[in-house]
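Structure, as structure tokens:
The values are calculated or read from the model by the stated rules, or taken from the named source; none is laboratory data. Not measured: the values here are computed from a predicted model. Cβ: placed from backbone, ideal geometry, glycine included. Neighbour counts: every protein chain shown. The accessibility values were calculated without ligands, DNA or RNA, using every heavy atom of the protein model including side chains. Shrake-Rupley method; radii C 1.70, N 1.55, O 1.52, S 1.80 Å.
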Amino acid sequence: MRPRTLLPSISIFSAALALQPASPAPTPYTEPYRPQYHFTPARNWINDPNGLLYLNGTYHMFYQYNPGGVAHEAMSWGHATSQDLTHWDERPVALTARGFPGKNISEQFFSGSAVYDVDNSSGYGNGTGTDAPMVAMYTSFYVYGQTLPSGKKVRANQQSQSLAYSLDSGETWTTDDAANPILLQPPHPYESQYKEWRDPNVFWHAPTNKWILTTALSDLHKLLIYTSTDLKNWTLASEFGPYNAVGGVWECPNLFPLPVDNDESNVKWVAIIGLNPGGPPGTVGSGNQYILGQFNGTHFLPDAESLHGQGEANWLDHGPDFYAALVYNGLPEFQRTVVAWMSNWQYAEKVPTTVWRNAMTIPRRLGLKTINGKVLVVQEPEANWAAITSKPQTTRISSLPANSTRNLGSLGKTLAANLTFSAGEQNGSSFGISLLATQNFTTQTLIGYDFATQHIFVDRRASGNTSFDETFASVYRAPLEPADDGTVTLRIFADWSSVEVFGGQGETTLTAQVFPPEGATHARLFANGAEVEDVLLSVSKVGSIWN
Ligand code: FRU
């Protein structure tokens with residue numbers, strides 16, 4: 001969220017919220033800018049993915065949701081499910097801000113995680129196995145000072161950690177009011193009321209037979225790591241940070257293992273930490289960094305190579321619109337699928353959409369790969385593309401002359417493109433694709449590669465509606481070295497209001513929202529400054545997941 005203001009005026013909104021319908025009216029998913037294959041709720045505001053959990057063949061996605069409008073208010077947990085990480089089904093709101101609708105809101109449900117408590121260690125279930133409970137841990141944001149049903153006293157704007165459970169596969173949830181918040185405040189010496197503390201992320205750690213919890217002490221740039229045997233009683237085990245990027249508050253931590261180069265005898269742990277503001281160089285606002293290391297059940301010990309001078313970081317995505325990334329629980333241990341909020345606190349409340357605001361990224365599979373001697377996080381999109389894409393059209397161009405373009409015609413507004421080309425000997429030149437463009441290319445989004453600096457770029461300066469925020473019309477860059485054979489590969493996913501670029505083997509990604517006009521369906525290749533050789537382009541049209 002915006003770092004300075006912790007929603008001081010929330011209660012003013014509650015009267016207006018009362019006028020909103022409780023269950024959203026259907027929508028055709030064809031409004032201007034509506035993403036066709038990225039998740040958006042039918043109506044209303046979303047931010048962070050929450051409680052990502054795979055259970056019995058279903059991918060659950062909860063998310064920060066305002067059931068009453070398109071602003072960041074009345075934070076609740078919305079819920080959607082998917083069988084294929086492609087099509088999503090919006091379910092009833094899982095946790096509704098206390099007081100909504102119609103009363104002063106007393107507690108908002110901020111970000112958190114969910115686990116399947118298969119042994120019923122929490123005692124919330126009717127048994128183990130198929131009778132076990134889903135348990136969610138979230139941050140209670142108490143809007144005003146109050147004494148809770150548990151007898152605990154909280155101050156206005158206090159952030160504490162709480163539990164809820166579901167016995168019907170996530171359809172309905174019960175908060176543990178007799179005990180909540182189960183973690184009232186951070187330990188000494190951090191209990192001061194000015195400290196922000198949130199976004200509990202829980203996972204099962206088999207080697208120690210314990211639940212592990214990471215939380216962010218946001219403005220101190222620390223993670224607090226706790227252990228538990230029952231999800232209710234937590235012991236502080238260690239602190240981590242500050243490290244690397246500390247330009248804004250730390251939020252939404254994740255901690256999980258992955259094998260390096262698929263070698264399960266060489267496992268590293270990955271910490272992903274949200275940062276707002278202070279994201280990647282060249283962006284304004286939110287971003288996600290990662291740090292590699294080892295986790296021994298109590299401490300996360302960072303690798304020396306993963307630490308940099310203060311302010312430098314390993315960026316999970318180099319674009320402006322990839323935040324609050326969260327990794328699925330419940331999948332096989334080394335299958336790590338991440339979803340991020342495809343927006344930025346810099347302008348999330350101003351983007352020019354109507355009935356909904358903000359979207360999620362494509363779910364992405366994470367891995368660790370040694371590239372040019374360094375272990376890096378690599379990403380590839382998870383969607384079941386076969387279900388929604390047309391047969392690819394392939395174009396081969398042996399050479400595109402300097403300062404020329406090659407028109408590709410009208411490709412539509414939802415497409416998946418693979419672009420491979422030779423980096424050759426070019427100097428001071430760039431090559432790429434212009435898409436989501438009007439016929440005369442006065443409106444366009446440029447995605448390309450700068451040979452001299454070895455950077456991918458996304459240029460959204462002329463991408464359409466950029467006027468709602470003064471920082472939006474910008475160019476974003478991300479480092480990418482050519483492959484050993486001298487080629488560069490860009491996988492590009494364009495939707496009605498976003499582009500996601502995966503470079504190389506997925507070691508560099510760049511995600512950006514764009515708001516092009518209705519007829520912006522045209523595309524062309526461009527070569528600037530020098531000739532470009534051995535171009536291979538393959539383009540598939542992507543269908544709508546909402547049909
Ligand atoms: C991140 C965040 C979280 C917080 C939530 C509130 O985007 O600020 O730290 O829990 O949003 O909606």
Checklist entry - Residues in the range 478-488: is at least one more than 20 Å from Lys374 (Cα to Cα) and either open to solvent by less than 30 Å² (accessible area, probe 1.4 Å) or part of a strand (DSSP E or B) (or both)? => result no
Checklist entry - What are the residues in the range 202-216 that are within 16 Å of the ligand (Cβ to nearest atom) and polar (S, T, N, Q), if any? => result Thr214, Thr215
Item to check | Odd one out for Val70 among (1) surrounded by fewer than 24 Cβ atoms within 10 Å (Cβ to Cβ); (2) among the aliphatic types (A, V, I, L, M); (3) in a strand (DSSP E or B) | outcome: (3)
Next on the checklist: If the requirement is being at pLDDT 95 or above, among the charged types (D, E, K, R), closer than 29 Å to Pro186 by Cβ and away from the ligand (no atom under 16 Å from the Cβ), which of these qualifies: Asp117, Asp84?
Outcome noted: Asp117
Item to check | Search result, residues across the range 124-138 that are of a type in the set (Ser, Thr, Tyr), surrounded by fewer than 24 Cβ atoms within 10 Å (Cβ to Cβ) and either touching a residue at least 12 places away in the same chain (Cβ under 8 Å) or touching a strand residue (DSSP E or B) at 6+ places or on another chain (Cβ under 9 Å) (or both) | outcome: Tyr124
Next on the checklist: If a residue must be more than 16 Å from the chain's Cα centre (by Cα) and farther than 23 Å from Thr283 by Cβ, how many such residues does the range 331-360 contain?
Outcome noted: 8
Item to check | Conditions (1) surrounded by fewer than 18 Cβ atoms within 10 Å (Cβ to Cβ); (2) not charged (D, E, K, R); (3) not in a strand (DSSP E or B); number of the one not met by Gly506 | outcome: (1)
Checklist entry - Among (1) touching a Ser or Thr at 6+ places or on another chain (Cβ under 6 Å); (2) among the aliphatic types (A, V, I, L, M); (3) under 17 Å from Leu436 (Cα atoms), which single condition is Ala512 missing? => result (1)
Checklist entry - Among (1) within 16 Å of the ligand (Cβ to nearest atom); (2) of a type in the set (Asp, Glu); (3) open to solvent by 40 Å² or more (accessible area, probe 1.4 Å), where does Asp199 come up short? => result (3)
Checklist entry - Out of curiosity, is Pro332 out of contact with any Pro (no Cβ under 9 Å at 6 or more places or on another chain) and in a loop (DSSP other than H, G, I, E, B)? => result yes
Checklist entry - Considering the range 91-125 alone, what residues qualify as being farther than 17 Å from Pro49 by Cβ and basic (Lys, Arg)? => result Arg98, Lys103
Checklist entry - Which of (1) among the polar types (S, T, N, Q); (2) open to solvent by less than 20 Å² (accessible area, probe 1.4 Å); (3) part of a loop (DSSP other than H, G, I, E, B) does Asn50 not meet, given it meets every other one? => result (3)
Checklist outcome for this item: Of the residues in the range 53-67, those that are part of a loop (DSSP other than H, G, I, E, B) and over 20 Å from Val115 (Cβ atoms) come to Pro67
Item to check | Odd one out for Tyr328 among (1) open to solvent by 10 Å² or more (accessible area, probe 1.4 Å); (2) away from the ligand (no atom under 16 Å from the Cβ); (3) over 22 Å from Pro280 (Cβ atoms) | outcome: (1)
Checklist outcome for this item: For strands (runs of 3 or more DSSP E) lying entirely in the range 352-439, having 2 or more residues that are in contact (Cβ under 8 Å) with a residue 24 or more places away in the chain, within 24 Å of Pro516 (Cα to Cα) and open to solvent by less than 70 Å² (accessible area, probe 1.4 Å) picks out 404-410, 415-422, 430-437
Next on the checklist: Which pairs turn up if I take residues in the range 237-265 that are without any contact (Cβ under 8 Å) to a residue 60 or more places away in the chain and look for partners that are of a type in the set (Phe, Trp, Tyr) and open to solvent by 10 Å² or more (accessible area, probe 1.4 Å) with beta carbon separation below 8 Å, at least 6 apart in sequence or on another chain?
Outcome noted: Leu255/Phe203; Leu255/Trp269; Leu255/Phe295; Leu255/Phe300
Next on the checklist: Just to check your reading of the model, which residue among Gly68, Gly123 is of a type outside the set (Ser, Thr, Tyr), touching a Leu at 6+ places or on another chain (Cβ under 7 Å), modelled with pLDDT of 95 or more and more than 12 Å from the ligand (Cβ to nearest atom)?
Outcome noted: Gly68
Checklist entry - Which residue, of Ser121, Ser162, Ser169, is outside any loop (DSSP other than H, G, I, E, B) and touching a residue at least 12 places away in the same chain (Cβ under 8 Å)? => result Ser162
Next on the checklist: of a type in the set (A, V, I, L, M, F, W, C), within 11 Å of the ligand (Cβ to nearest atom) and touching a Gly at 6+ places or on another chain (Cβ under 8 Å): which single residue out of Ala94, Ala74 fits that description?
Outcome noted: Ala74
Checklist entry - Which residue out of Ser121, Ser150, Ser140 is more than 27 Å from Trp341 (Cα to Cα) and touching an Asp or Glu at 6+ places or on another chain (Cβ under 6 Å)? => result Ser121
Item to check | In the range 217-236, the residues that are free of Cβ contacts under 8 Å to residues at least 60 places away in the same chain and more than 16 Å from the ligand (Cβ to nearest atom) | outcome: Tyr226, Ser228, Asn233, Trp234, Thr235, Leu236
Checklist outcome for this item: The condition of being open to solvent by less than 20 Å² (accessible area, probe 1.4 Å), of a type in the set (Gly, Ala, Ser) and either closer than 26 Å to Ala271 by Cβ or more than 15 Å from the ligand (Cβ to nearest atom) (or both) holds, among Ser169, Ser162, only for Ser162
